Amino acid sequence: MPQSRTINNELVLVKMGPRGNLNLERSCLYTAWDEPCYGRVKQILISYSAYSINSIQMVYELNGEEVLGERHGGDGDFFESIRFGTGHYITSISGHYGYVNRDDPMTICSLKFSTASYLHGRGPTTASYGPFGRETGTLFRFDTKGIDSLRGFHGTSSSTHLSSIGVYFALPNVKHLSQSGEQPALRSIAGMTMVALPPP
């Protein structure tokens with residue numbers, strides 16, 4: 001699975017994916033989107049049909065305010081709003097991708113979200129949302145590898161469907177080295193290692 005590291009708002013992020021339609025032969029029909037480190041995911045809006053995911057849209061908590069991201073995809077037959085309360089974190093995102101019809105392009109067929117809550121020192125209390133769409137095709141799964149480590153999404157979409165999806169994970173207490181081998185400046189805030197890379 002493709003992955004790369006990047007720096008956004010001085011967080012060390014790992015970019016995983018995307019999974020789904022990666023062979024965008026008619027690229028003019030698709031839009032690539034990227035939402036790294038917008039803030040904690042507070043809400044996910046999903047439009048879907050009985051066979052596939054039509055669109056996804058996130059609400060992020062950024063600087064104490066809730067910010068609605070752009071919608072990626074089009075309208076479906078069904079709509080679902082998933083709201084995550086205080087102390088609830090997304091621990092995994094899974095789904096399927098494939099072909100709805102033989103002549104149609106590959107698309108995201110289903111999505112499912114799992115969460116955990118660590119309130120009051122207890123836990124984890126787990127929950128799952130979905131699956132939305134149809135569980136057919138190739139299975140994929142992203143695990144967040146830690147509490148509150150999900151830091152954004154990326155992927156591609158058309159005017160009618162979500163074509164691919166990937167995630168950003170934050171890596172606490174990790175240094176990021178430049179290609180020259182130089183060690184960047186490092187500082188820690190609230191247990192999170194922050195790094196500032198020198199310019200390329």
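Numbers below:
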{"quantity": "Single residue of L29, L24 found to be crowded, with 16+ Cβ neighbours inside 10 Å, farther than 24 Å from D143 by Cβ and more than 16 Å from the chain's Cα centre (by Cα)", "calculated": "L24"}
{"quantity": "Single match in I56, I93, I82, I46 (criterion: in contact with an Asp or Glu (Cβ under 7 Å, 6 or more places away or on another chain), under 23 Å from L139 (Cβ atoms) and modelled with pLDDT of 90 or more)", "calculated": "I46"}
{"quantity": "Scope segment 30-50; condition part of a loop (DSSP other than H, G, I, E, B) and either in contact with a Ser or Thr (Cβ under 8 Å, 6 or more places away or on another chain) or among the charged types (D, E, K, R) (or both); matching residues", "calculated": "Y30"}
{"quantity": "Residue among S117, S163 that alone is touching a Ser or Thr at 6+ places or on another chain (Cβ under 9 Å), modelled with pLDDT of 90 or more and among the polar types (S, T, N, Q)", "calculated": "S163"}
{"quantity": "Subset of segment 127-155 (residues that are outside any loop (DSSP other than H, G, I, E, B), at pLDDT below 95, surrounded by fewer than 17 Cβ atoms within 10 Å (Cβ to Cβ) and of a type outside the set (S, T, Y))", "calculated": "A127, D143"}
{"quantity": "Filtered residue count, segment 17-40, keeping only those that are in contact with a strand residue (DSSP E or B) (Cβ under 7 Å, 6 or more places away or on another chain), of a type in the set (A, V, I, L, M) and modelled with pLDDT under 90", "calculated": "2"}
{"quantity": "Strands (runs of 3 or more DSSP E) (entirely within segment 56-126) containing at least 1 residues that are touching a residue at least 40 places away in the same chain (Cβ under 8 Å) and surrounded by 14 or more Cβ atoms within 10 Å (Cβ to Cβ)", "calculated": "78-83, 88-98, 107-117"}
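The values are calculated or read from the model by the stated rules, or taken from the named source; none is laboratory data. No experiment lies behind these values; they were computed from the predicted model shown. Cβ coordinates were reconstructed from backbone atoms using ideal geometry, including for glycine residues, and neighbour counts include every protein chain displayed.
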